[in-house]
Every structure is written in C-alpha cells, then in structure tokens.
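Worksheet: one structure, shown below.
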Amino acid sequence: MRVIKFREFTSRYTNLVTFVVLVFLLAILTRGQALTWASFKTLIIAEAVRAFAALGVGMIIITKGIDLSIGYVVCLTASVAASFAQIPTYETAIYYGHSFPIIVPIVAGIFAGGLFGLFNGVLVAYGKLPPFIATLGTMSIARGIQLLYTKAAIVSSLTPQFKAIAQTSFGPSFLQIPFLGIYVIIITFIIWVLLKHTKQGTNFYAIGGNAQAARVSGINVERDLLCVYLYAGLLYGCAGVLLSSRLALANALTANGMELDAIAAVTVGGISQNGGVGTVGGMIIGIFTMGLINYGMSFLAIDSYYQYLVKGAIIILAVYFDMKKYAKRA
C-alpha cells in the first residue's frame, strides 16, 4: 500500500520530486558548497527575469498556444526601457539632453511588451493564425524594430535610480534578499489569483482543454485568447525592464534564447503542451529546476555549450512523458 501511495505522490508531484533530487545531487557533488545562501541568492537573481517570461508563456500554453517571440520582445522592451533611463549627458544617448522620471522607462518597457502581446493576440484570436506562425512572425518584427530603434548600438550609461530597481537587496549583511525575488513573489501571487480564483482563469483552462466546447458553453474564446497574449506581453515588458536594470544595459543580444528557457521551464513544471493542464506552483518549480541545472553545470565547470544540449533533451523528455501520462488517463 505504501508503494502505491509513493507512486501516486511521485506521479502527481513529479516536478517537485525532480527539483528536490537535483538539490540533493548538487549538494553531494559540491559537498554542500553550492547550497549556501550566497549561491541561492545568485540563483534567484539569475532566474527572476526568466520567471516573468515563463509565467507569461505558461498561461499561453495552458490555452494550447505557444509564443516564440519572447526573446526578441524582451530584447526590445529592455532596449526601450534602457533608452529612457540613460544619463542625459551621455554623448550617444538615444534621447540626448532629455531627463525622464524613473516611472517613464518602466511604463515604456511594459507598454511596449503589452503592444506586442496585443498584436500576437489579435493574430491568433481574430486572425485565426496558428500561434506558432503568428509568434514566429512577430519575433522577426520585434528583432527588426529593436535594431532600427537602437541602430544596433548598445544602450548603456543608465541612471543609478534605474539600475537600483533590480540590483538592490535588503536585510542584514549575512542575509541579503534581492528585490528581484520579491518581484517574483508578487507576480506569482497575482498570476495564481488570476488562474485559480477568477472566471477568466477558469476560461483559459477550458479553452486549452477544448476550445469548441468552451465556445458552446458560452465562453468568449477570442476575447480570452486576446487577453492571455496581452497579459503575457505585459509580463515580457516587466522582464525587459528588470533585465536592462540588472545588466545596466541592453543590446541586440539581450534575452537571446529566453523563449527556449521559458518554454523548457514551464514544460518541466508540468504545463501540458496539450493545453488545459498546469499550475503556477509547477511553473515556479520548473523555472528554478532549470536554473539549478544551469547553475550546477556552471559551478561544476562544465562547458556552457552543453547547457543547450541539456535544455533540448529536457524539453523532449518532458513532452514525451507528458504525452504518456495523459494518454494513460485518456
């Protein structure tokens, strides 16, 4: 009987079990050196920005969609935010001689992300384009706009106030907590409330489970699909603002490959590619599981090129086991 319960637990909380196993494995391989508070702080800082992107695409996948534009949209929003946060006397500043309040780069970056999210939503919901094709197109558009806007130059020399948004920590010297971690907690709570305790969140799951049945039951599928892509775009905008603040710059390589990281993270976190299944808690576990793998490989001095191989293999395996899992239930 205990074996059956154990199997049920591991089947239901596969992502959590995987994370715990990886923590113990990393502790053994590094003799506990990789599990100090300083190491966890580094992990939080590294994964916080990706958490915003992953939560966005996670909601989209729940509706049985996909978004390939994440990386370049975050790159564009980071560039937009950074351009309004440059020191006005910097010779190559995009808005040379103009000083903006700290709220301007934040709003500009989030607004740019929201526009792209809205555009994706219109293409998918009302244009009836397959999400793969629609977001593949907007990915290229975002890339082009970023290069035109910045003239392919690095957007740097940002104000101390803007850099402090993502570079500041608080607490006693032995337990410095990065503000980035607090931002993740806040946005995770908001998305959890949206998905778990609102009618629209329930609609997202219904659309992912069976869009036609959802439409018959009275759900405005087009409106809700538009909203989910809009929400994701706003989250990408937040990610861009935080990333440019943390790096203190933005360029054409900013957020390169973030779509792979985000999709891999939520897939590992139990978001089914078949739609209609997944939790916010699972997404967060998936994000830090992928972060732990990256951090562990770096800590163990494994060539960074192998990380791409590992990420690709993890996505394939996660989707494979996801399909087997739900095939058995069917």
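Taken together, the values in this text are just the output of simple stated rules run on the coordinates, not laboratory data. Not measured: the values here are computed from a predicted model. When we count neighbours, we look across all protein chains shown, and the Cβ atoms used for this are built from the backbone with ideal geometry, even at glycine.
Within the chain, how many Lys pairs sit with Cα atoms under 22 Å apart, leaving out pairs fewer than 8 places apart on the same chain? Lysine pairs meeting both conditions in the chain amount to 13. Take the Cα of residue 193, step 7 Å toward its Cβ, do the same at residue 29, and the gap between the two points is 3.9 nm.
Here the peptides 300-306, 22-28, 53-59, 270-276 are ranked by packing, the mean other Cβ count within 10 Å, and the order with the highest first is 53-59, 270-276, 22-28, 300-306.
Dividing the mean sequence gap of close Cα pairs (under 8 Å, 6+ apart) by how many residues region 229-330 holds gives a relative contact order of 24 percent. From most to least packed by mean Cβ count within 10 Å, the peptides 203-214, 285-296 give 285-296, 203-214.
Membrane-span-like helices in the chain, defined purely by DSSP H runs whose alpha carbon atoms cover 24 Å or more axially and whose average Kyte-Doolittle hydropathy reaches 0.5, are 37-62, 103-121, 131-150, 179-197, 221-247, 280-299. Inter-part distance, region 142-190 to region 273-312, computed on C-alpha centroids, equals 21 Å. For residue 158, nonlocal amide neighbours, meaning residues 5 or more places apart or on other chains whose placed amide H falls under 5 Å from its own, are 87. Distances between placed amide hydrogens fall under 5 Å for residue 68 paired with 135, 136, all partners being 5 or more residues away or on another chain.
Restricting the trypsin sites (Lys or Arg not before Pro) of region 18-98 to loop positions (DSSP other than H, G, I, E, B) with no more than 10 neighbouring Cβ atoms within 10 Å leaves 31. With a Förster radius of 41 Å applied to the C-beta separation of residue 36 and residue 152, the computed FRET efficiency comes to 0.55.
Working ranking of peptides 71-79, 247-255, 261-269, 113-121 by packing, defined as the average number of other Cβ atoms within 10 Å per residue, highest first, is 71-79, 261-269, 113-121, 247-255.
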